[in-house]
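Here is the structure we will look at.
Any read-out appearing in this document is the output of simple, stated calculations on the displayed coordinates, not a laboratory observation. Just so it is clear, the structure is predicted and the values come from calculations on it, not from any experiment. All Cβ positions, glycine included, derive from the backbone under ideal geometry; neighbour counts span all protein chains shown.
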Amino acid sequence: PPQQQQQQQQQAPQQEQQAPPRMCGVGVVLVQVGGGAVCVKNVNKGGAAHLSGQILRGDVLHAIDGRKVLGWDVESVKPLILGVEGSPIRMTFQRIGNQVHGKRMFDVNMVRQPVNAAPPPPSYQRPAFETHQRA
């Protein structure tokens, strides 16, 4: 019907203007260690992993959204971590160490976000008295 064609034509320009979805992670740096395990090398401040307060350096990545990734290499794991900004992700880690009796598995539920979306450190913010001065 002509009405549907007109609606489709009107919607088409709007679709062209939309930017592709922004791909984001959770702000962890991963490294492959002996034995093939992928471990957390660093947790970036401001990222979802940092904000969760649950992920520590040395944690072993075990699964992503229920899919076991133990033994995978870092490059194979990355596509599972990256996703559309605002989308949920569940990462399962294993913590091994002196402070943990045995091997402890735990899930961390997060929302993917750009790490640079975090507010800048206070040292980069202008003091309030500078923002309203006039010459």
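Could you calculate the contour length gain from Val111 to Lys68, that is, 0.36 nm times the residue separation minus the distance between their Cα atoms, to one decimal place in nm?
13.5 nm
Quick check: pseudo-label points 7 Å beyond the Cα along Cα→Cβ at Val84 and Arg104, how many nm apart are they?
According to this spin-label approximation, the distance is 3.6 nm.
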